[in-house]
Each structure stands twice: as structure tokens, then as C-alpha cells.
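Below is one structure, written out as C-alpha cells, with a few remarks after it.
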Amino acid sequence: MLIIPAIDIINGKTVRLTKGDYNLSTFYDADPVDMVKRYLDHGFNRIHSVDLDGAKASSPVNLKVLEKMASIDGAKIEWSGGIKTLQDACDARNAGASFLSVGSVAARQPELFKEMLKEYGPDFMILSADEKDGKIAVKGWTEETEFTVVQLVEKFLPSGLSQAIVTDISRDGTFSGIDVDFYRGLQDRFPEVDFTVSGGVGGIEDIERAQEAGLRRIIVGKAIYENRISLNALRQFNL
């Protein structure tokens, strides 16, 4: 199972939200570039990073930060937040993103996301499906749609979708554990898609349960910053 550590950004600083609420944000004394170096030193080269300013503004805001992060030798940045046009996707790739995760466009403008998949390929483009009360949430998790995760994935399979990050917003940043059965159901239903678990990781036991369930990828964020899980303990899963 692939461990993907997270770096979320507001005003160029590392931050973590609780349940997707911008009013419940915790800033950390950790520069995003320094965090990339720290993760690389511990053997983690794929790093999930969210431009929270961009997600809220519906336009990329922290691409300069992305450039600095991606310029570090060996770093593969999985970037998201505020990508609304083909030009935005191009700008993020030019800034150094190795992967691009898109949520709002996929839910609100599915034909545009299909065009992104065609233009940049499924190895670069990732569906971001952020779930709140059973429905997909968009625009930095501030608005809900009528779609479920399953409906969204089914919509893009014919276009070659092969990667999806599914965030359980109700658990994100809460350390309350992950809904293993939910993610296992998705992975079993769509074996051709590599699903990434996101939200709720509170301890090493959550990752062990995910691995035992056959899940393939998991994002770990706040649990690292709050010293609930050490990077040394996480290394065993990526070996």
C-alpha cells in the first residue's frame, strides 16, 4: 500500500482543516518546501498537496509554492485546488505538478474533465471525489452536489479514469478512523481504478486495517503534524 503524506496550503503556509471547515484551520510551523524535504528524507516521494486558497477562489493561487516544492529533486507533487480550466491544468503541470487532482470541474463540468483526461492522460489526471453526507461536495467543500461517488466514477470510466482520491469530509482532520468497508466496496466495484483513502486517519492501526482490506493508497496528513504517527512508522508500508 502506498502512503501519500499531505501538505495543505493557505497563504503559502502549511495548514490542516477539520471537516473541511476553513474556520477550523490549524496552522503549523512548517514551511511546505521544508515538509517536502522531510518527506523525501523518509522515503516518501509522492506528496499530496492542496491549494486551499485556490479551492476557495476557484482559481489557482499558490502555484509559486508548487514550483518550489516540485523543484526539489525526487519530489512528485500530487496537486489540487482551484483547477477550473484547461489552462489551469496546463499552468499546474508547467509549475511542476506530477499529478493533478480535480474535483469541482468533474462534478459541475464533466465534459471539461473528460477533455482534461484526453489532453493529459489518466496517469496525470486524478478524480477528486469529496464526500459529505453521501454526496459529492465541491468548491473547497463549501457546496454539495446531487452526485454520489459511485455515480461520478462511473461517469468517467469510459474516458479512461484510473485514479481517484475519495475524501470522507465528515472524518477529515478528526482522527476518528476510516470507513474501511466503504472504501473496500469502492475498490471491489471498480478494480480498474486506484482509489486513495483520505480523511480520518488517527493512528497506525487505521493504516494497518486499510492494508488488510486490500486498499491501495492512503493519504496521511494531520496525524503526522500532530505527532500521532511517526514517519519512521509509516515507512514500513511503502517498502
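Quick notes on this structure:
Here's the yes/no breakdown for (1) within 25 Å of M125 (Cβ to Cβ); (2) modelled with pLDDT of 95 or more:
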position	(1), (2)
V149	yes, no
I165	yes, yes
I178	yes, no
P191	yes, yes
G203	no, no
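Matching residues to (1) surrounded by fewer than 22 Cβ atoms within 10 Å (Cβ to Cβ); (2) touching a residue at least 40 places away in the same chain (Cβ under 8 Å):
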site: G203; (1), (2): yes, no
site: R209; (1), (2): yes, no
site: E212; (1), (2): yes, no
site: R216; (1), (2): yes, yes
site: V220; (1), (2): no, yes
site: A223; (1), (2): no, yes
site: N227; (1), (2): yes, no
site: Q236; (1), (2): yes, no
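- Restricting the first member to segment 149-166 and to residues that are among the charged types (D, E, K, R), and the second to residues that are part of a helix (DSSP H, G or I), the beta-carbon pairs closer than 7 Å and six or more apart or on different chains are K155/P110.
- Among (1) at pLDDT 95 or above; (2) open to solvent by 40 Å² or more (accessible area, probe 1.4 Å) - the single one L127 does not satisfy: (2)
- Odd one out for Y183 among (1) in a helix (DSSP H, G or I); (2) open to solvent by 70 Å² or more (accessible area, probe 1.4 Å): (2)
- Just one of the numbered conditions (1) in contact with a Phe, Trp or Tyr (Cβ under 7 Å, 6 or more places away or on another chain); (2) of a type outside the set (D, E); (3) outside any helix (DSSP H, G or I); (4) open to solvent by 30 Å² or more (accessible area, probe 1.4 Å) is not true of K114: (3).
- Residue within segment 192-212 that is in contact with a helix residue (DSSP H, G or I) (Cβ under 8 Å, 6 or more places away or on another chain), in a loop (DSSP other than H, G, I, E, B) and within 24 Å of L161 (Cα to Cα) present: yes
- Condition met for S71 (open to solvent by 40 Å² or more (accessible area, probe 1.4 Å) and closer than 23 Å to R38 by Cβ): yes
- Residue within segment 76-93 that is in contact with a Ser or Thr (Cβ under 8 Å, 6 or more places away or on another chain), part of a strand (DSSP E or B), aromatic (F, W, Y) and open to solvent by 40 Å² or more (accessible area, probe 1.4 Å) present: no
This table checks each residue for (1) in a strand (DSSP E or B); (2) at pLDDT 90 or above; (3) closer than 20 Å to A92 by Cβ.
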residue	(1), (2), (3)
I9	yes, yes, yes
R16	yes, no, no
S25	yes, no, no
D29	no, no, no
D34	no, yes, no
G43	no, yes, no
A55	no, no, yes
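- Looking across segment 94-104 at every residue that is crowded, with 24+ Cβ neighbours inside 10 Å and of a type in the set (A, V, I, L, M), the one that is modelled with the lowest pLDDT is identified as V102.
The values are calculated or read from the model by the stated rules, or taken from the named source; none is laboratory data. Source: prediction; values computed, not measured. Heads up, the Cβs are rebuilt from the backbone with ideal geometry, glycines too, and the neighbour counts pull from every protein chain shown. The area values use the complete protein model at the heavy-atom level, side chains included, leaving out ligands, DNA and RNA. Shrake-Rupley method; radii C 1.70, N 1.55, O 1.52, S 1.80 Å.
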